[in-house]
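The structure appears below as structure tokens.
The values are calculated or read from the model by the stated rules, or taken from the named source; none is laboratory data. Keep in mind that this is a model prediction, so the values were computed, not measured. All Cβ positions, even for glycine, are placed from backbone atoms using ideal geometry, and neighbour counts span all protein chains on display. What goes into the accessible areas is simple: the full protein's heavy atoms, side chains included, and nothing from ligands, DNA or RNA. Shrake-Rupley method; radii C 1.70, N 1.55, O 1.52, S 1.80 Å.
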Amino acid sequence: MSDGITWVAEEDELLPGGYCVILARNLTPEDLVRRLVPDTQPRLVGPRTQEAFEGELRELLRTTGRHYPMAGVRYGSVGDLAFAVGCGQWELALGRHDTPVIWYGNVHTYELYYFAEHPNVPEPHFRYSHNGSVQLSFDIDTDEAPYLFDGDGDDAALVADMERAAEVTAALELLEERFGLTLPKGLVLTGELPAAVIKSPQQIEETRS
């Protein structure tokens, strides 16, 4: 049975800081992670729970004594989807305006951003991209109409349904059904997944040298 993606909006399932979820088709999980850090190599650290990896990132930041983003991802695959879940200060490295172009080639990517402390500031955001361009992008805000990048109009019906969605969970269910999206709830919340540091002071210095 698929876990879907609607559970990320459940109040008792929120991770600290909320969710940055990037899913992709036609990419391996490792290639997805590499595309997230085009200027350097991610530092693979092996299987970690979310809690353990968040603690490691905080300790790394503390020991450096410097104010840089300390961001990582835990990653894996489910069915034909590769996925990466942001950890640490992901909003400073993988925020909705900062994620690098990862959808070149015959790759489908699906990005979902959902903040925990203030889930409507900014609004939850979804973006679907394929073959080098953004196809669909909107804030999941039931008070405003979504906006669409889709020259062929393939998702016009979805946008109309999104406009009528009464809450975020209902909107996520529509996206889940349209794109066949799922994320393994148990593994993300309490299980161990491969982890990688994708932005740290050491990596920044290595890039500059």
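Okay, here's what the table says:
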{"read-out": "Residue count, segment 70-100 (criterion: open to solvent by less than 30 Å² (accessible area, probe 1.4 Å), not hydroxyl-bearing (Ser, Thr, Tyr) and not in a helix (DSSP H, G or I))", "value": "18"}
{"read-out": "Hits in segment 58-104 (condition: polar (S, T, N, Q) and without any contact (Cβ under 8 Å) to a residue 24 or more places away in the chain)", "value": "Thr63"}
{"read-out": "Boolean, Thr6 is over 17 Å from the mean Cα position of the chain (by Cα) and open to solvent by 20 Å² or more (accessible area, probe 1.4 Å)", "value": "no"}
{"read-out": "Among residues of segment 40-63, those that are farther than 18 Å from Leu27 by Cβ, open to solvent by less than 40 Å² (accessible area, probe 1.4 Å) and either in contact with a Lys or Arg (Cβ under 8 Å, 6 or more places away or on another chain) or part of a helix (DSSP H, G or I) (or both), counted", "value": "5"}
{"read-out": "Residue ID - modelled with the lowest pLDDT, chosen from residues in segment 123-133 that are open to solvent by 10 Å² or more (accessible area, probe 1.4 Å) and not aromatic (Phe, Trp, Tyr)", "value": "Glu123"}
{"read-out": "Residue within segment 149-167 that is open to solvent by 40 Å² or more (accessible area, probe 1.4 Å), in a loop (DSSP other than H, G, I, E, B) and at pLDDT 85 or above present", "value": "no"}
{"read-out": "Subset tally (residues that are at pLDDT 85 or above and in a strand (DSSP E or B)) for segment 104-122", "value": "6"}
{"read-out": "Positions within segment 134-148 being open to solvent by 30 Å² or more (accessible area, probe 1.4 Å), modelled with pLDDT of 70 or more and either assigned to a loop (DSSP other than H, G, I, E, B) or not aliphatic (A, V, I, L, M) (or both), in sequence order", "value": "Gln135, Asp139"}
